[in-house]
Structures are given as structure tokens and as C-alpha cells.
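Taking it in order: structure first as C-alpha cells, then the write-up.
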Amino acid sequence: RQEYMGDEIQEMLVCSGWGCAGKAVLFSEERTADNTISFNEKCVLEMGWNPMYCVKHPNENLVYAIHGTASGDGQISAITIDANLQSITSAQQVATGGKGVCHITLNAALGMLLICHYESGDVAAVAIDKSNHFPRDVCSTVSLTKYYSESTHPRQDAAHPHHALIVNDNTVLITDLGSNILVLLDCTEQGLQYRTHVCLHKHAGPRHTTAHPSHPGTFFTVNELDSTVSVLTTSDATLNEVQVISSTNLPTTAPPPFPFYTHNNHPAAIIISPSGSWLAVTNRGADTIGIFQIQQSAGGSVELGPVREFPSGGGIPWTASFSSDEQLITVTNQYNGNRPPEQSGNVSVFEFSSKTGQVNAVPVFTTAITLCMFS
């Protein structure tokens, strides 16, 4: 997972290391007079086992990262970055209270971290200290197991919350791959409480969700199990799935990239540009990034139109980010080129046109990190 640390000269923190002891690596972006871009490694912090995801505090040089084994107890590490962005330090570590941590986000208004536990099927709220902003103990947990309905898909054997999206200060949207649902939770200083949920189309396997920045109540969900993107709108306080579109042009006859994959492609991340005009999806298996234009009809409804699909610059792209000026797309790949037995990943940076959606298919910069996954 990468987080931008600045504005004009971007700093990027990558937390990585699935299946091994991980690292946090801080890169600085540099541009020459002719606008040539490079990222230079500034410092490295050794981390615990399996760092899975990270989120930056909006007002502090502080990053929260989750890590732990796939079925073991989760941990949060608070990572501090010095004022000159020259060093990173692990400041504090606390337990998340669940198993199989897979996502973390921050409700800055309430001073609360939200953590999804894939294996134990719950979402935990961890309060952060008001003085130093370090995480404290778990203050609330909501189990999603009671909303699970039996499925014939092998990956949908139980509730598996995979992603938490802060809708507003008092609402969080949980994407549950195992139950095939999106869950709305009330979020207060006292913790989390179930509000309602909506089912997606059969065997979708929702993984991550993002919200439109200027159309409140409009959401886009990437579905891991059938390689689709769902558009959802809100009507009478109810979410409705109004469009489903494929995330890739990969032929369905292509073989799965790994034996444990149930299909030939498993999309991972979905991101929206700051202007709300473009959507990007990472396709693991096709090893591509799908670009979609977000179109608005005369009646004000929103729909997706596919624009192009381009190679991700490596194998098994896990996540991606738009730069704040929409001129770059940064992609983290599990493998640096070929797949196993190669055990390194990379970060690839592509030039992007916010006017046309055009992408320079050759990354302007690629850096290899000797770790096997970024989240």
C-alpha cells in the first residue's frame, strides 16, 4: 500500500511484505527541468510479519499499518516520519482484537481507526490518543457473521469483511466478500453499530469500494470473484446496484495465475480520480489497469464507460493511486515482471491525461523492492 506524504514534491510510503517479515520504505519524488520523474529510496523500517495495509493521518506525519498472519491475531503499528521526511520509526504497536487483518482506515473526525478482519468476520474500532495520535485499545467490535447467507462459491464460506470506506463522520461502508454484501455501520465516539446492508449480484465477491467525490450516495465496488465493477446509488436511504461492468477484457479461457485462484482474474483495488471523472481498477491475473470514464446523464445519474486497459508494469497489481494533480498513476505489483519463483515486487509510475484518460503504456519510473507483495 502506498501513501503520498506531500503535495508539490511527493513523498510516498510503501508498506510491503506478504508471507515474510515486511518493511516500510519511504521514497521521494524528484522532477528535473524537462519533467523527468524519479523516485529515490530515502529510508527503510523493518516491520512485523505480513504488513497488509496502511493509512496516513491527514494532519500528522504519522502512518498506521496493520500486519499479522492470514489466520492469526492482528496488530497496528504507528509509524512516525520526522519533520524533514528523512527517517521513519515504529512508535507504538497494539492488538486489533481479531484474526486475518486485511484493511485499515481512519475516521479523523472521531479519532478512530477501523480495521477489517477477514478470518474472524468482524470490524474493530480502535481509538487514537488525542495528544500523540497513537492507537489505544479496541473500543468496539461489530461481527458480520449473522448477516452471512450460505453460498456455493468456495471463497464465500463465511463473512469476510475486506474493506472499510468512511462515507462521512458518522457512517462507514463495509465491503464483505464472503457474505456478498455491503454493510452500512453507524460510527460514533462510542464505537460501531449495524445499520443496514445490501446484497450484490450472485457470486460477485465485493472487495473494495470507493465513493464519488461530488455525487453523495454514489459508490463504485470492485468485485473480486467475477471481475466486475458495480455502480451503486442511494434512494430513500437504500443502496441499489444500478450497473455492472467487466473490469477486464481478458478472455475467460485464460488460465488462473495461481492454483489457489478460482478464476483467471481477481481484481483488487478500485480508485477514483480527485475530480471524480475517472476510475481505475487493478486486475490481478490479466496484470492490467482498467481505466473507466465516469459519465453523467442529463438526468444526473452516473454510469461507467470503459476507456482503455494497459499493462500494470509487473505481475499481480495489488493497489494503485492517482496523484493529486491527476498526472500520474502509481501501481504496486506483487511481482517485478514475471511471476514465481521471482520473489520481488515493484512500484510503477505512469503518466496519465486527465483530459482524455490516455496513459503512457511505458512506466516513467519503476523501482524494484525485494519483497513479494504490496498492499
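The table for this structure:
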item	result
The chain: relative contact order in percent, alpha carbon pairs under 8 Å with at least 6 residues between	9 percent
For the chain, built as a Gaussian network whose Cα springs stay under 10 Å, the top-fluctuating residue of A159, A280, A298	A298
Coarse-grained scattering of region 139-227 at q = 0.18 Å⁻¹, given as base-10 log I(q)/I(0) from a Debye sum over alpha-carbon atoms	-0.75
Pairs of Cα atoms farther than 19 Å apart, region 218-279, %	42 percent
Estimated inter-spin distance, E30 and Y194, nm [label 7 Å along Cα→Cβ]	5.4 nm
Candidates T210, T32, T145, ranked by Gaussian network fluctuation over the chain, Cα under 10 Å, top entry	T32
In sequence order, calculated HN-Hα J values of region 117-122 (Karplus, 6.51, -1.76, 1.60; Hz; x Gly/Pro)	10, 5, 7, 7, x, 9
Ordering of 177-188, 315-326, 131-142 by burial proxy (mean other Cβ atoms within 10 Å per residue, highest first)	177-188, 315-326, 131-142
Length gained when the stretch N168-T145 is fully extended (0.36 nm per residue, less Cα-Cα span)	5.8 nm
R136 versus T253: modelled label distance in nm, points set 7 Å from Cα along the beta carbon direction	6.1 nm
Read-out Cα extents along the principal axes in Å, derived from the coordinates shown; its label in [x] 98, 71, 59; [y] 59, 56, 40; [z] 53, 47, 43	[z]
Relative contact order of region 108-156, pairs being alpha-carbon contacts under 8 Å that are 6 or more residues apart, as %	28 percent
Separation between Cα centres of region 58-117 and region 259-276, rounded to whole Å	23 Å
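Every number here is computed from the coordinates shown, using simple stated rules; none is lab data. Bear in mind the structure is a predicted one, so any value in this text is a computation, not a measurement. Glycine gets a Cβ as well: all are built from the backbone with ideal geometry, and neighbour counts include every protein chain shown.
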